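The values are calculated or read from the model by the stated rules, or taken from the named source; none is laboratory data. Remember, predicted model here, so these are calculated numbers, not experimental data. Cβ placement follows ideal geometry from the backbone for every residue including glycine, while neighbour counts extend to all protein chains displayed.
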Amino acid sequence: MIVAITGASGVNFAVKLLEALKNHNIETDLIISENAKDVIELETDFAIDRIQNLATRCHSENDLTAPPSSGSYKFESMIIIPCSMKTLSAIAHGFADTLITRAADVSLKEKRQLILAVRESPFNAIHLENMLKLAKLGVIIAPPIPSYYIKPKSIEELNENIVGRILDLVGIDSNIKRWGEF
């Protein structure tokens, strides 16, 4: 599985996802954009190397020779979490200038699962058009929207539920509270 972190707010979701994938012994390729590194520093107390240590392999955003840039590289799913509107736009328009957008392009051309945890509010018409364009191509648009029916006791619990819903999309049991189980 490929996990990419872009410069949108919400890096904690990516860290939770990487922890869960590691706990399930899922091999991961991690790509962190340069803008994401700035956001990680602003939003969290995580060191970049701590996040990278959660992945099996790490690649530079600028390394277009890395394995995820090729359709011959085997992976089942790619999750971009959080996904900035810049990254969404690049993917929607085939602008594969970074390893993140190239791996997403590979996902599309090889008919592999691509999940975008888009982070923006409110959406403008351009955002919505880009999401619709990608959804029509089979991309799963999964904004990290909290489920309040779980009656969360903390933000941490909300974050775990959001990540659990994303894990569900890739077929990994997440043991989250579900509708009707409260």
State whether one or more residues within the range 66-74 are modelled with pLDDT of 95 or more, touching a strand residue (DSSP E or B) at 6+ places or on another chain (Cβ under 7 Å), in a strand (DSSP E or B) and small (G, A, S). no
So, in the range 83-98, exactly how many residues are of a type in the set (S, T, N, Q) and either without any contact (Cβ under 8 Å) to a residue 60 or more places away in the chain or part of a helix (DSSP H, G or I) (or both)? 2
Of the listed residues (I80, I51, I40), the one being of a type in the set (V, I, T), within 18 Å of A117 (Cβ to Cβ) and in a strand (DSSP E or B) is I80
Flagged in the range 125-157 as surrounded by 17 or more Cβ atoms within 10 Å (Cβ to Cβ), modelled with pLDDT of 95 or more, among the hydrophobic types (A, V, I, L, M, F, W, C) and part of a helix (DSSP H, G or I), in numbering order, are M131, L134
Do the conditions hold for I48, that is, is it hydrophobic (A, V, I, L, M, F, W, C), surrounded by 13 or more Cβ atoms within 10 Å (Cβ to Cβ), closer than 14 Å to V11 by Cβ and free of Cβ contacts under 8 Å to residues at least 24 places away in the same chain? yes
